[in-house]
Structures are given as structure tokens and as C-alpha cells.
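**Student:** Handing you a structure now.
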Amino acid sequence: MLIPARMSEAEEQRWVRVMLDKLAAQESRRTLGDAELAERARRLSAQYFDGRARPRSVRWVTNQNTRWGSCTPSDGSIRLSHRLQGMPEYVVDYVLCHELAHLLVPGHGPRFWRLLEAYPRTERARGYLEGVVAADRLPHVPGVRDE
Ligand SMILES: [Zn+2]
């Protein structure tokens, strides 16, 4: 840490405490850990799919930039893109529900979407994610997107 030279010891200690608090706050904003994510998936499965979707692992991955989530039904694993971190909870929950539903129904046929209707914010979350994708594609216009 870089500490301004003319601080008294008391000031210095106070300043270090403030910095540590800031770091801790950033840490806790850094979204759910994998264990919490798995717990969340269990709760969502219980709430919307009668607990029938039972993932064996749920974790964040950083190598997934074109998909928000993916799952492998044969080993029951679900992966969520780290790009979802910092998005609203209902969006993360939607992607979890989407992947949980895939453990029960493969593909995106009518049965799949009927199952997902159980999650009340499906449409809203899909709209949010479409908006994120569209915003990513906007050309860089100085003075409009940059303040
Ligand atoms: Zn899907």
C-alpha cells in the first residue's frame, strides 16, 4: 500500500482501516461463490421444478463468452459465464433455471419453454440479456457512451 508520507501514526492506522474496509466491501460485492451458486440452484430447483433438477456441480467459468450458461446433462454439471456477475439477481436466477430445465428437457422446444414458465421473470430476464447483447454491438460513439 502507498501511504502518504506526512501522516501521523494514528492517522495512518485509521487510513489503513478505511482501505481494508473498502477492500472487504469490494470483495463481498464480487457476487456469489461456487458453493453459494450451487445452493441457489438447489433452492430454485425446489421452488420451480419440484426439486427434480439435481445438478451435481454448479460453477462460474471465464471461458464462456458467447453463452450465458451451459450444462452437461450426462454428468449433471452446470456452468455460468462470469459475465453474469454483477447483473441483477433475477437474471442470474433465470440462467440457473434455464440450465436446470435443460437437465430435465434437452433443446429449446415447446416443452422446455413451458417448463421455464414456472420461473416468473423469464421474459424480463431474457429481455435484459438481449439488451446487454445489443449494447455490446453498438458502435463506439465518443461523447454519447463516454461521459
Ligand atoms: Zn438453453
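The numbers here are math on the coordinates, done by the rules we state, and not lab data. Not measured: the values here are computed from a predicted model. Cβ coordinates were reconstructed from backbone atoms using ideal geometry, including for glycine residues, and neighbour counts include every protein chain displayed.
**Student:** Mind checking the full-extension length gain between R56 and E12? Use 0.36 nm per residue of separation minus the Cα-Cα distance, one decimal, nm.
**Tutor:** My answer for the length gained is 11.0 nm.
**Student:** Which FRET efficiency value, to the nearest 0.05, do you get for Q64 and D21 by plugging their Cβ-Cβ distance into 1/(1 + (r/R0)^6) with R0 = 41 Å?
**Tutor:** So, using R0 = 41 Å, E works out to roughly 0.80.
**Student:** With θ set to phi - 60° and the Karplus curve 6.51 cos²θ - 1.76 cosθ + 1.60, what are the ³J(HN,Hα) couplings of region 89-103 in order, to the nearest whole Hz, using x for Gly and Pro?
**Tutor:** Those phi angles translate into 3, 5, 6, 4, 4, 4, 5, 4, 4, 4, 6, 4, 4, 5, 5 Hz.
**Student:** At a Förster distance of 30 Å, what's the computed FRET efficiency of R126 paired with Q85, Cβ-Cβ distance as r, to 0.05?
**Tutor:** That gives a FRET efficiency of 0.95.
**Student:** Something else: Angle check, please: helix 9-29 long axis (alpha carbons) against the longest principal axis of the chain (alpha carbons), in degrees 0 to 90, nearest 10.
**Tutor:** 10 degrees
**Student:** Also, I was wondering about something else. Collect residues whose amide H, placed 1.01 Å from N in the peptide plane, falls under 5 Å from the amide H of Q85; neighbours closer than 5 in sequence don't count.
**Tutor:** none
**Student:** Order 77-89, 102-114 from most to least packed using the mean count of other Cβ atoms within 10 Å.
**Tutor:** 77-89, 102-114
**Student:** Then there is this: Taking H as built 1.01 Å from N, whose amide H comes closer than 5 Å to the amide H of W60, not counting residues under 5 places away?
**Tutor:** Residues meeting the criterion, in which the H sits 1.01 Å from N, are L80.
**Student:** Please report, to one decimal in angstroms, the Kirkwood hydrodynamic radius of the chain built from all distinct Cα-Cα pairs.
**Tutor:** Final number for the Kirkwood radius of the chain is 17.9 Å.
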